[in-house]
Each structure stands twice: as structure tokens, then as C-alpha cells.
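Visitor: One structure is given below, represented as C-alpha cells, and several questions about it will come after.
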């Protein structure tokens, strides 16, 4: 295959007490990028408590909104430039970590705009600060990826920015931060992690390194997501395993690619203002059915990894899709867009926009089966109706 | 051009044939329906190619409006420049290199708005798929 890269943080600290690694940091100032909810929940305090032992001056920017906008990033970057930290911490879900990555770039390179965060631009970061990501959900993988998703509110589109240079220096996976995650968020983010791993394993840019991480992550998610959803804080093992799996999925898709589940999910999320995990998960079974003609063998490999061993490749793949639909039911994820309470009239009125935005996504061209605009239209309609894909 | 005749790459005939096939590609037409922007495709010498070849290609709303061989890269100013060595062009045309991946790994260089290109990756893929359909003879 063509030459390619595997990029990851220099250090991933995981397991009980991982947050204590913050005490080891050396520097003068640290800047935390987070949101108001995490501040109210006391999660930010847990991080600050560790950082106080370093003697560093701490400043907190807690204005990151779900699906962060360009404006928020630019505002945060301005505060960063005034404060001049040598460490930046992205603390939260994907929104906070992606916002931290983008703010970091604009802080290091005030001569650039957010649109310059692309794989072709040499950013030359780490002259002023380094980045630590601390995820507080188990799903996005944003702690270890080089993707930055920021919403352009004027164009109503999610900018899929990326640069290998924005991969954090350190990712800290402390299960104590996600122990109280509500069931709905556990389900949405857990499905996001599953989609990452399945797409990483089947896209055209898959590779040996991403395959290994994806397959193990899928095994962990199948085993522990239902338990984490059902038992919550009473099952710390399930919480910890899901937290690790999400980051492994992040390393997998970050070093291969996402496919059209994400292309459709990003489009759907942007148009209907639906949180990322949920907007993506809904399309997984439909896209797997659509991709069957190209990668039944790869779905069969995944099926085998989770204990589905009988039948031909296609039979195993179809059983896997059925198992995924059952998993979604078990964790109370909607199985069709109609189930999400969106009227057919409203959906059809926005169908052209959905197709157009999905077509623009890089996920489109690396998907194992590259859809035409008409294919996208049909996939969206089938997902609306909850109808199995037959084309 | 006869059914079995091959077109030498790089040459004026090759880029004309590419333009003709692109205009017959419905997938490209759909993917690039909003695209406005012209290119220099530059083939730099290596592996037996002894001089630089520069193609001008004007792409407009899913169609190739013009394509020709230029005398030099200074002959025309374009919105984009896509440049790489002959050996990599061969691999690209044979379908052995992914067009986007080859930019990320610096096998090819692209000058112009990266954001605009990244929103048109499907069109880029179809451009390369069309190049692969030209019955090509390499030096």
C-alpha cells in the first residue's frame, strides 16, 4: 500500500488515578478549555486540585458550547493570547477538546485563520504551548485524533479540519471522570466509538495498525457498552473499559479514516442540530447494509471477533448488523430518523441539503462503496423510514 | 483515436483525451457541479522523462472547458497548481496512488485553497478515475 502514518499522543495515561499525572507538569501557566456543565458538576475542580500542586497559574475558559462555533474558538484564542500559557488542557467531550485544538493553533499562529487547519499547511506548533486532552465522555476519540470539528454557523456546516500537528502531547483517561455519565450520554457516545472502530476497519485507508486497535475496541464495546449503560457507576470495570475502547477507536479511525456513517451523521447533526453521537449512530446499520457488496468479508472478520462464527461471510455480516440493531435497542438508541420525532415533511424539505453536505465530506471518497448523490438520497430516506437497505 | 491505440503520457493528445473523457463522466459532472477553478498539472522530470511538462486544465461546473499543453509553467496563472514527479503521475494514472492520500504524504504538491479542494474530494477522486480510463502509454 501507499506510504502512510500512524500518529498518536506521546503519552496516554489511563486507569484509576490517571489524573494525578497532572501533578508532574512543569511550567508557569496552564489554560483549561471546558464548558459550564463540567464546571457545575465539579469535574473542573478535580483537575484544578491536581494542577494546584504544580504551582502554575491557572485560567479557565468555560464557554465551549456543544458543536463549538468558529466564534467561540476565536474568542478563546484571544483569551489564550492574553494569558500566554505553556500548557493547554482540553477538558470535556469532543467539543471541548476540538475547541482546545483549534484555539491552540490560533494562539501559536495568530497569522492563520481557522480554515488554515488542514493537513497540507505546516503549522509549526509547540513553540508556545503543549496540549493535554482529558475526555469526560467515552466516545469521541478526540483526545487522540488529528481531526478538529468546528461548526461554521453562517454556512450551517461542520468544518472537518485536520492536521497531524494538533494531536495532543498527552491524553489522560481517568475513569473517575466518567463514572457518573448519564445513560443517554453513555449510549450516544458509546455508539460513536463503535462507529469509529467499524468504519476504521472497513474504509479504503485501513491499515494494519488501525485494524488492530479497531478490532479490540469493537470487542470491548460489545462486551461493556450494555453494562455501562445499564449499571452506570455501579460497574466501574465497564466504565473503564469503555473509556479505553473509545480512545482505541480514536487511534484507529484517526489513523485510517471515517466513512459515510460519519459523512451522513455530520450532515444530519448540522442540519437538525442533533448531538454528534446520536446523529452518527442512527446511520450505522443502514450503511453497513449498503457496504455489504464491497466488504462482507471485513464485516465477517468483525463478526468473528465478537463470537459470530457460523455461516458465509455475508451471513456473518448480516448477523452482525442484526446484533448491532439489537444493541441499539438495548441501550435505547433510536433505530430510525422517524423515531427521533422529525416529521417527514421537515425531513424531505431538508433532504437536498443533507445530501449536499454528506457529499462534501472526505468520508465519502474513502468509504468502501462510494455513494452517488442518488445513493445518499436513498440512504437518508431508508434511515428515515427504518427500512433495510436493498440497493 | 482508434479503439486500440494508446496515447502517450505526457502529451497534448493525452490531455485532450482526458478532457474528452471527463466531459463524458456523469459522476464527475455531479460531484463537481459547483466547482469553478483552473489548474496547472505539472509533471516534473524523473524516471526517463527529461523535461518538465505543464498542462492547463480549466474545470467549470462539472465540465472540462479547456485542456492543453503549455510551453512552461509561466505561460498561464491559475487558481491551483498540482505538481509531482513523473513516477508518481504514472502511479496515479494507474490507480496505484490515492489522490488525496498522495497529497497528505507529499507525493504531490497542491497550491491553492486547500479548504476548497477538501470540500471537493469526490470530484478529485473522479478526476483521477477518469485519468485512469485514458488508454495510456508511458515513456
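Visitor: Got a number for residues in segment A:161-191 being in contact with a strand residue (DSSP E or B) (Cβ under 6 Å, 6 or more places away or on another chain) and either outside the structural domain of residue A:44 (by TED's automatic domain parsing) or assigned to a strand (DSSP E or B) (or both)?
Guide: 6
Visitor: Additional query: Just the residues that are at the interface with chain A (Cβ under 8 Å from one of its Cβ atoms) and assigned to a helix (DSSP H, G or I), please, taken from segment B:90-112.
Guide: Hits for segment B:90-112 are B:100, B:101, B:102, B:103, B:104.
Visitor: Quick one: which of A:220, A:194 is more than 20 Å from residue A:266 (Cα to Cα), more than 14 Å from chain B (Cβ to nearest Cβ), in a helix (DSSP H, G or I) and modelled with pLDDT of 95 or more?
Guide: Step by step, each of A:220, A:194 is checked, and only A:220 is more than 20 Å from residue A:266 (Cα to Cα), more than 14 Å from chain B (Cβ to nearest Cβ), in a helix (DSSP H, G or I) and modelled with pLDDT of 95 or more.
Visitor: Here is a further query. Please state which of the following conditions residue B:87 fails to meet, knowing it meets all the rest: (1) away from chain A (no Cβ under 14 Å); (2) in contact (Cβ under 8 Å) with a residue 40 or more places away in the chain; (3) farther than 27 Å from residue A:361 by Cα.
Guide: (1)
Visitor: Residues in segment B:113-128 that are facing chain A (nearest Cβ under 7 Å) and part of a helix (DSSP H, G or I): how many?
Guide: 6
Visitor: Here is a further query. Would you mind telling me which numbered condition in (1) within 17 Å of the chain's Cα centre (by Cα); (2) more than 30 Å from residue A:154 (Cα to Cα) residue A:278 fails?
Guide: If we test residue A:278 against (1) within 17 Å of the chain's Cα centre (by Cα); (2) more than 30 Å from residue A:154 (Cα to Cα), just (2) comes out false.
Visitor: Could you tell me how many of the residues in segment B:1-52 are within 14 Å of another protein chain (Cβ to nearest Cβ) and over 17 Å from residue B:124 (Cβ atoms)?
Guide: 0
Visitor: When you look at residue A:151, is it in a loop (DSSP other than H, G, I, E, B), at pLDDT below 95, buried (at least 21 other Cβ atoms within 10 Å of the Cβ) and at negative phi, yes or no?
Guide: No.
Visitor: Go through segment A:31-76 and report how many residues are in contact with a helix residue (DSSP H, G or I) (Cβ under 8 Å, 6 or more places away or on another chain) and part of a loop (DSSP other than H, G, I, E, B).
Guide: 9
Visitor: Here's another thing I want to ask about it. Mind checking which residues of segment A:359-391 are more than 10 Å from chain B (Cβ to nearest Cβ) and outside any loop (DSSP other than H, G, I, E, B)?
Guide: A:375, A:376, A:377, A:378, A:379, A:380, A:381, A:382, A:383, A:384, A:385 - these are the residues of segment A:359-391 that are more than 10 Å from chain B (Cβ to nearest Cβ) and outside any loop (DSSP other than H, G, I, E, B).
The values are calculated or read from the model by the stated rules, or taken from the named source; none is laboratory data. Quick caveat: nothing in here was measured; it's all calculated off a predicted structure. Methodologically, a virtual Cβ is constructed for each residue, glycine included, from the backbone with ideal geometry; neighbour enumeration extends over all protein chains shown.
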